Every structure is written in structure tokens, then in C-alpha cells.
Ligand SMILES: [Zn+2]
């Protein structure tokens, strides 16, 4: 165990209490199991042959916000916030995307008012070559080969590249889009939704999660695991969506089984690893864009619980500067977490 994690556990009486509870469940040796095999229980339960995938992280543009908005106790200085997306290589489905970051289309959509207010409140830095489309071409992925895009939620910084993938189907929580489509004009802009970013034939290619794809996780299966319901996105146990609502209605994260171990793409449930590691959620001001602050707080707690109970789990937040530095080689992708 890493020194930092040892320290964190020692500092954290809640974790110790949870650990002792876990050890008295039906799986008494849980705490002594090799870390990989406890996850194997989840994978094997969800799909006996759930394949391993590989994961690459890229950035597609960035924006700027004062640090104190994104994390409690942050400074007044403006910080750069990358818009990360993931390309998951699946043995049968090929390259699967999780979100897309910004693209040039974002600027076209935010030219007229009221959408221009979005750009004024959230200044976006984006250069040619930084879109998901261009990032993927640069690493040899043909955009027309992308058949699956999993959308965490429908804020512009996650969906601005959807139009660039003409053969993709879109997978998401139905409520995430239904709640946005009820909003019009300035109301939609205030919630970060720009309907023009969606492809014209979006509905034809949409595959919102069906009730059949959802599974209830038995409470004893993986002690400390905070999610009771998961969605088996491709039906083979390889990509598991978990509910992380609050930042947006119906926001999801994605759990993956990679060669390097388990990983969670947690979208905007936290804006950085520092936030959940140090228990510093965003300021109340950031709550203005959140439709459900209570749900946000419980999603944030779930992340903290995961981080503490499963130090071997790699958690990647969509706007985390540390993750960008560690995994993207200046945005270009290529380092597997
Ligand atoms: Zn975002």
C-alpha cells in the first residue's frame, strides 16, 4: 500500500469503521484479498467473460475559471481547466468514446446571443488540432470507425464533438437529455446546453439506457462499493455505467476493467482528484449551474468512499489537471492510466 494511502486511512476514522463493518460481512477475508480479485468478483458477477479494455485519455480544449469556484479553499487566480475525453479500445466494439470535449462547432454555436453568454462566463481556449476528431486521427483512429459514444451528460464541453462521428450511436441516461430538452433560450444556456451541438440525426442514433441493461448490485458483492445499480452498456460486462447525478441530471460515470486494473471515468462528479482526495467540493457558486446540489453532494461522497476503500482504482475526472498531466502527453493521449 502506498504511504499516502496508509496515512489517509490512519487519518480517517470513517474508513476504519467501514473496514471493520466490511470484515464482518459474508466475505470475511475481503481486506486481505489481493486487490485485483475483489474486482474480479464484480466483473465475473456482471458477465462471466467480461473482456478487458484499454484506455487512452486526451484533452479537447480547455476553459478558465477562478480556482475557488472549482474547489473549496481555492485561490482567486484563474486556472486552466482541461476538457478530457476517453478513447476505450474494446476487443469487439473497437474504439468507444466517453465524451468528446470541445470542438470548433462550439464557437459557431456560441456566436449569437443568448448562447454567447456561455462563452463570456466560461472563456474557452481551443486551437486547431485539439478536437476529439483531430486527436484521434493523429493517433491513427479513423473517426468513421467509431460506433459507440457514451455521453456522461449533455453540457457543451462534453458533447461539442458529437457531430464529427457520423457512424456512432449515442449511449446515455435518458433523463440526462430529456431534462435538457425541456429548457429553451437563456434557460438552456444557463444549464450549459447548446442543442445545435447534437447531430441532426441524433435521435435516430440515440440509444438511451434501457431498463434491461440495468442490474442491481448485491450489497455483499464488493464491500465499500457505493453504487447499488449499474448499467451494462454493451451487454458484455466490460463497460459499466454508474449514476453520479447532481452536477447535471442523469450524469453517469463509467467503470472499466483494464489490463492495468479497474478505472472509473467520473465525469464532473468532482473537478479534480484533489477535490475528492482532500474533501474539497466546489464552492457554492458552482452550485448555480447544478440542478440538484443534494444529489451532487451524495455523488461526491460516493467518489470519496471509492477512493478510500479502493486505492487501486484509477479515478479520472473530466476536468482534472493532474489527470491531463499524467495521462495525455499535452493532450495528445497515449499513456494508459
Ligand atoms: Zn464539464
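Look at 180, 290 and count the other Cβ atoms within 10 Å of each Cβ; fewest to most, that gives 290, 180.
Exposure proxy shown here: for 39, 68, 271, the number of other Cβ atoms within 10 Å sets the order, fewest to most, as 68, 39, 271. Per-residue Cβ neighbour counts within 10 Å put 59, 179, 283 in the sequence 283, 179, 59, beginning with the fewest.
Take the Cβ atoms of residue 144 and residue 220, set R0 to 45 Å, and the FRET efficiency comes out at 0.50. For residue 279 and residue 186, the FRET efficiency from 1/(1 + (r/R0)^6), where r spans their Cβ atoms and R0 equals 30 Å, is about 0.30. Only helices enter this figure: runs of n ≥ 4 DSSP H residues, each worth -39500 (n - 2.57), summed and divided by the residues of the chain, yield -8000 deg cm²/dmol at 222 nm to the nearest 500. Specify the angular offset, from 0 to 90 degrees and rounded to the nearest 10, of the alpha carbon long axis of helix 13-23 from the longest principal axis of the alpha carbons in the chain. The angle comes out near 60 degrees. Peptides 157-168, 182-193, 96-107 ranked from most to least packed give 96-107, 157-168, 182-193, packing being the mean of other C-beta atoms within 10 angstrom over each peptide's residues. Oblate is the label for the stretch 144-246, because the ratio a/c of its alpha-carbon gyration tensor axes (a ≥ b ≥ c) is 1.5 or higher and a/b is not greater than b/c.
Could you tell me whether the chain comes out rounded, prolate or oblate from its Cα gyration tensor? Rule is a ≥ b ≥ c as square roots of the eigenvalues, rounded for a/c under 1.5, then prolate if a/b exceeds b/c, otherwise oblate. Since a/c reaches 1.5 and a/b is larger than b/c, the shape of the chain is classed as prolate.
Where a number appears in this text, it was derived from the coordinates with a stated rule and is not lab data. Because the structure is a prediction, the values reported are computed rather than measured. Please note: Cβ atoms are built from the backbone with ideal geometry, for glycine as well, and neighbour counts cover all protein chains shown.
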